[in-house]
Each structure stands twice: as structure tokens, then as C-alpha cells.
1. Among ALA334, LEU393, PHE451, which residue has its Cα furthest toward the positive end of the charge dipole of the range 290-488, with +1 on Lys/Arg Cβ and -1 on Asp/Glu Cβ?
2. Go through LYS484/LYS586; LYS122/LYS491; LYS281/LYS436; LYS279/LYS305; LYS277/LYS625; LYS312/LYS491 and tell me which ones have a Cα-Cα distance over 31 Å in this structure.
3. Please list the non-local residues whose amide H lies under 5 Å from the amide H of LEU561, H modeled 1.01 Å from N, same-chain partners needing a gap of 5 or more.
4. For the residue pair VAL544 and GLU323, what label-to-label distance in nm results when each label sits 7 Å from Cα along the Cα-to-beta-carbon direction?
5. Expected output is a single nm value to one decimal: the length gained when fully extending between LEU92 and ASP193, i.e. 0.36 nm times separation in residues minus the C-alpha distance. What is it?
6. Under a 1.4 angstrom probe, counting protein chains only, how are GLU563, GLU343 ranked by accessible area, largest first?
7. Run through the range 345-380 and list the GluC sites (Glu not before Pro) located in a DSSP loop whose Cβ has at most 13 other Cβ atoms within 10 Å.
8. May I ask you to evaluate 6.51 cos²θ - 1.76 cosθ + 1.60, the Karplus curve with θ = phi - 60°, for each residue of the range 295-309 and list the ³J(HN,Hα) values in order in whole Hz, giving x for glycine and proline?
Amino acid sequence: RRSGQYTMNHDHSKKIPDGASFDRSGSQDSLDELSMDDYWKELENIHETRGNNHEERVVLVVKEPDEGELEEEWLKEAGLSNLFGETSGDSLESMVFLSTLTRTQKAAVEKRVETVTQTMRKKNKQHQIPDVRDIFRLQNDSKGKVCDGSEPSAVGTSENKNETHDGTKGPKFNLVTDGQKSLLEDMPSSDTDINLEISFAEQAANLRDSSVGQMCKGGGGDTLLPNFRLPKDKTGTTKIGDLAPQDMKKVYSLALIELTALYDILGTEFKQQKAVKIKTKDSGLFGVPLSLLLEQDQKKVPGTKIPLIFQKLISQMEETTLETEGLLRIPGVATRVKGLCQELEAKFYEGTFNWENVKQHDAASLLKLFIRELPQPLLTVEYLKAFQDVQNLPTRKQQLQALNLLVILLPEANRDTLKVLLEFLQRVIDHRDKNKMTLKNVAVVMAPNLFTFHGFGSKTIEQSEFVMAAGTANVMRFLIQYQKLLWTIPKFIVNQVRKQNTESQKKEKKDKAMKKLLKKMAYDREKHEKQEKTPNDTDVPQGVIRVQAPHLSKVSMAIQLTEELKAGDIVARFLSQKSGNVQMLKKEEVFLYEIGGNIGERCLDDDTYMKDLYQLNPNAEWVIKPKQS
């Protein structure tokens, strides 16, 4: 029987000593040896299935990057490639971007730029190589004092923060003020409240610097996970999918820098892996790249975001019953599953496949097979290791924060498919009285399917077995248990995006992106131009906003802002005005959007307090429209 002596990942091959469980019990939530039995059985089933189709397997090669390559790639991903190379130092956009970073985010960028510049000097590349301090000094000079304190919550100024931790002069900005720091320390440190207003890495740094940080390791050996919750935000909670693509691009860059800063502070190495391009199947169902599969499916069902076969396998299980005992745990008969797999490849798209032949356990096995057969892992080659390493972070709250940022970093197709999977797993758990599949059981069985990846070449196949099983099972539990929280974009990141947009607009009077956006709008452009000329629109008095609703029978209304008025109330008011033959839209089909000002476009949740949001973004347009699918 395999024992618990496993290494963490493919970078370390040392055995873990027996005494290493001292701090593990907390983060594993007492996933004892007995409950891990299902993990090893699942792994055996996986190997068995693999043995059957070994001849078809394409091995994915993970490239070990050269010195400086990783950091160069990281800066590109973060949208900061013009901090080095021929174009270094001349991008206004990067300067604006850097001006909105927190102290810890800035330190993470500095660290990577330093490595790249040193490597370039070694290779003696004929580029102008800036000193990392010059980059931040240049940006500081052009910027003057960045944060004017007018932005609420996480954006403020700190005068005496213009020295970085290593004593070198840095920029005079910081998104966590001294006032907020003491506020953070005075806050009742309820383990269940997730603070989205202050950068996660800043919270970790403050915790580390205070004595509290030494005490809150792990989290006790209880088997229940904390009931984490998001405190209500008056300016509305922003979910992934609520922002326009140009703002999501900024969110991605900030999330990457923030996650790196968090891992830096917590002393965990953050390395993005890189997959070498390989030849994969270009049609079919199993073993086809996710993006290609969706392209294929969108020809059949325009706009679909989840592979059709994946949707069908889930709906098949739900339509039969989720009460089947051992669902997901008990495998289907291997030969039958292989036969079904081949039959699906031939008949699924023709619509001639007979679903009545598919037993519950077969459908569950096919679903897991689909996930495993993806040429690149659902959690991506880049971030699979970072997802695994979440288990090494000291506190549950930090594990949750890291997962939140990792979910934001996933490509859209992977993130959407993961979301549908996690929602399904939760529905299976909801029937635990009948199917005997608790959160722990489901997590233990699903972890090997998401975390041990066939494609990493023979060297890593052996080592992927060494990934601490209970650790990945625990990460899996977090993904299922806290899925609603994980699809939220932290407010401090949204505020940084607002700050960037504000600064860019100040710098470039004619913001091209905004022009494009205005062109796209389905309603009267002349009205916009008039409003642009006269920002203090004379026909809208103070404390009143003009809301447009081009799709509804009442196309425009002046709304008086009150302390209690919420976005949902405005939508309801418009929908109650029924007249003419305009197509009726239901409440759940239309949303109020905040457009322009310091955000590209943001879909508002019904509980957004409009007066608070108006104060945050007074120059926005307000439009009611259906949500883009």
C-alpha cells in the first residue's frame, strides 16, 4: 500500500519526513488515510484506462525555461513587456499602469524586471537596458503625486512610503494608506469575512509584520471548512463576466501581479509552466483541445461556451438521478466505457447515439475521462502547479485568495467549463443523503482527475503520483465549497482598473477605446456628443441620473438618487412601464450597466446602491440592456 510519503511537485524529489504532518492537519481538514483510499482507487482506475489506450497518447512536453526567460514571459503576460527591450521606457500606458500598483505588487514587478535586465546584461543584448529603479523613478516624475485620495476604499496616498523595502527610492504611491493599515489591524479578525477592499498581498504582509501572523497557521483539525463570506459592498459586487473585455484584460494583468506578490510574501515559488506545442486531434470529442472543441460546437450551437458533450453528460446524469449511490466514485465497467466512448465519437454529432444504454456510473466515468483526455489540463499547463501549490499557503483565507486570483487567470473556455463542473459537483453533494457522496468524498475522487495530468511526459508521470494526495483533494474541496466566492473580482482590483482608466483619460483626451465603445452603443450618438460637450448636462439636475433603455418601451428616464435606491429598483421601474408592441423582456433578462467614466462597461448586481456608485463614477452613462452571452 502506498504510504503518505509523497513530494509536493516535480521540482522537489525529497521525501517528506514523518514529522511533516505537524502543520498539515489544518490545511487537510483531517483527510485521514481511510478517506484517501478512494483517491488511490481512483488513481488505479485512471492508470487502467490509460493502459487501454496507450498507443493513442500524445505526450505533452513541458519546457524548462532558461534563466530570465520565465520572468520575461511573466512581464509579457502582465502587459509590461515594454519595460525591457528596444521599446523600454517609452510607453505611457505602462507608466499609468505602474502608478496604480500597491507596494507589494510593485516589489513583485521590480524583482522580475531586475532578473530580466541582469540576464540581458549577461547576454549583452544590444538593447537599452534600464535600471529597474529608473523605471519607477521615471514613472514617478511623470506622475507627480498619483493618488489624490478622492478614490474611495483601496485607493489612497501615503506620503512617507516613497522608500521601498530595500531602502532604494521608489514612487510616491501606495494603495494601502497608513490609516487603512491600522484599520486592518483593528478590524475584528473574523476568520470568515473575506476582505476584498485591500490587496491580498498587502493583507499578508501586514499579517506577517504583526505578531498575529505567527499564530494563525493551518486552522485546527476540524473537518468543517470555515463559512467564508463576502461582506456586502454598496457599490456592487463585480463577478467575472460583468466587465467589458478591455477592462478584463487589465484585471488579468493585475491578478497575475497580485498572485505573484502574494506568493512572494508567503515564500512560495510561483512558476508558470510552459507547454511546447504538440500535434493534437483536430476533430472529435475526447482528446481534442478545448478551444477547438468549442469552435466545432459553435458551428452547431452558436454562442455555446461549454463543450456540448460535457453539457450532455451532465444533463444525462441529472435527468436520470443524482441519487445513485457512489455516483462519481464507483467506476463504469472499463470495456463498456471504452465502447461508449468510440460510439459517441462516431454518432454524437449525428444525433444517432442512444443515451438509454448509458448507465449512471458509465456517464460519470465518461465525464471524468473527458476531463483527463484534454490535451492540456483543464486548470492549464501554466497554472496547474500554482493550483497544486495553494495547499502550501499558511492560512485557509490565503488559500482561498490565491484560488480566487487563479480562477481569474484561467482562459475563458477553461474557466466556464470548470464553473459548470463545480456547479454540477455541488448538486451531486446536495443529494448526499441518498448517494453517500459528501464534499470530502467528491473532492477526493475528483482531485486525481484534475490534478494528475497524463501529458507531462514519462519523467513527470511518475512524479505526479508524488503530489501530496490529501493536499490536492483539499484544494478540490475549496474549489467546490467556495465556488461562488471564487468567481468574484476583488474590489481592490476593480478600483485599480478605475484608477488606470481615469489616469489614461487624463493623459489622452481622445480615448480611442471610449470612442469605439460609444460607436457600438445602440442608442442615439448625437445625444452622446451633446453630453460630451456639456458634461454638466443642463437638463439633468444635481442628484439625478439619466437612464437609457433602448430595448424597452420606455427608452429613457430621469431617476432621482436616494440613499436606498438600488440598481434592481431602477430596472423594475422601467419594466413596470408597459406600452406599445415592444418585445417584453423579463426581469432576469435585462440589467443596468455602468458605462464609461472610469470603467469600460460593468453589469451591475441588483443590490448595488446607486448613490454610492454615482459618487465613485460620476461621469458614467447608465443603460439598461440584455446581458451579452
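1. The residue sitting most towards the positive pole is LEU393.
2. LYS122/LYS491; LYS281/LYS436; LYS277/LYS625; LYS312/LYS491, as the Cα separations exceed 31 Å there.
3. HN-HN under 5 Å from LEU561: VAL544, ILE545.
4. Label-label distance for VAL544 and GLU323, simple model: 5.9 nm.
5. Working: separation 101, 0.36 × 101 = 36.36 nm, distance 3.77 nm.
Working it through step by step, the gained length comes to 32.6 nm.
6. Result, largest first: GLU563, GLU343.
7. GLU350
8. Using θ = phi - 60°, the values come out as 4, 4, 6, 5, 5, 8, 10, x, x, 5, 10, 10, x, 4, 5 Hz.
The values are calculated or read from the model by the stated rules, or taken from the named source; none is laboratory data. All values derive from a computational prediction rather than experimental measurement. Cβ coordinates were reconstructed from backbone atoms using ideal geometry, including for glycine residues, and neighbour counts include every protein chain displayed. Side chains are part of the model used for accessible areas, which takes the heavy atoms of the whole protein and leaves out ligands, DNA and RNA. Shrake-Rupley method; radii C 1.70, N 1.55, O 1.52, S 1.80 Å.
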